[in-house]
Each structure stands twice: as C-alpha cells, then as structure tokens.
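Trainee: So that we are looking at the same thing, I have put the structure below in structure tokens.
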Amino acid sequence: WLTRPGVPKIDGTWRYDADAKQLSITLTQTAPAGGPFRLPLEIGIVAAPGAVPRIGKVEFTNATQTFTMPSDAAPADVVLDPNTWLLFERGSFVKAGSALTPSLPVFRHHDDVRVR
C-alpha cells in the first residue's frame, strides 16, 4: 500500500461483552483517494493500567470493519498499532459509551520478545 499517495486516517470504538467474554472493535479508515488501504494492523489489549499489552493481529481492508477478539476480562484499554509499525493518521479511538478521550499508545522498552 506504500505505492499510493497519502495515508489513511483511522477512527473507531471498542467495547467489551462480559457475557460473551469478547472484545468488539469497530474501525473506520478514511483514505485520500482510491478506496481503503489493506492494513495489517496490530491491536493491543491492556489488561491493567501499566501492563504490557497482549497483541492481536487483524487485516483491515474495508472502509468500516468490526473485529472480535476473545478476552476473559474487561481490558483497561485497547491500543491501535502499539508497536508503531504502520504509517497512518490516528483519529478518535475510544471505548464505546465513554467520554471522547483518545486512546494513547503504550510505549515500553523491553529487551525480551514482544508479547504476542
């Protein structure tokens, strides 16, 4: 996708379904021209404040797409591209039903292997 001009802007929401023990993430990408980009996107699930995120990978290919991920408990936060691999503009990404406070990336220095 690097052969096209511009970068996508990604906005979205996330919510946790305790009954299903499932996290639902709805994302929207706005592309400058030529339709949606094909983005291999990592999503970090932060179990508790300050914890290293558990990383899940999705293939984001549509203008709007919903992804589900298993989670035994409600996460403290959900972070898009926690390792900063992609080139994109961060829009609003919030917990559904919460105040519009953007989720910020979690940056940590680790000498060991990334949590997957």
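The values are calculated or read from the model by the stated rules, or taken from the named source; none is laboratory data. Predicted model only: the values in this text are computed from it and were never measured. Please note: Cβ atoms are built from the backbone with ideal geometry, for glycine as well, and neighbour counts cover all protein chains shown. Heads up: the accessible areas ignore ligands, DNA and RNA and are worked out on the full protein's heavy atoms, side chains in. Shrake-Rupley method; radii C 1.70, N 1.55, O 1.52, S 1.80 Å.
Trainee: Take the residues in the range 88-116 that are out of contact with any Asp or Glu (no Cβ under 7 Å at 6 or more places or on another chain) and at pLDDT 90 or above; name whichever of them is least open to solvent (accessible area, probe 1.4 Å).
Mentor: 94
Trainee: Just give me the residues in the range 2-27 being of a type outside the set (A, V, I, L, M) and more than 11 Å from the chain's Cα centre (by Cα), in sequence order.
Mentor: Once the filter is applied, which keeps residues that are of a type outside the set (A, V, I, L, M) and more than 11 Å from the chain's Cα centre (by Cα), the range 2-27 yields 3, 4, 5, 6, 8, 9, 15, 16, 17, 19, 21, 22.
Trainee: Return the residue satisfying two criteria in turn: it lies in the range 15-73 and is in a loop (DSSP other than H, G, I, E, B) and acidic (Asp, Glu), and of such residues it is farthest from residue 83 (Cα to Cα).
Mentor: For the range 15-73, the residue satisfying everything is 19.
Trainee: A further question follows. Name the pairs: first residue in the range 66-95 and closer than 23 Å to residue 48 by Cβ, second residue open to solvent by 20 Å² or more (accessible area, probe 1.4 Å) and charged (D, E, K, R), Cβ to Cβ under 6 Å, at least 6 apart or on different chains?
Mentor: Matching pairs, first to second residue: 72/21.
Trainee: Related question: Please find, within the range 1-25, the residue that is most open to solvent (accessible area, probe 1.4 Å) out of those that are among the β-branched types (Val, Ile, Thr) and closer than 17 Å to residue 38 by Cβ.
Mentor: If we take residues in the range 1-25 being among the β-branched types (Val, Ile, Thr) and closer than 17 Å to residue 38 by Cβ, then 3 is most open to solvent (accessible area, probe 1.4 Å).
Trainee: Confirm whether residue 53 is in contact (Cβ under 8 Å) with a residue 40 or more places away in the chain and surrounded by 14 or more Cβ atoms within 10 Å (Cβ to Cβ).
Mentor: So residue 53 passes the test.
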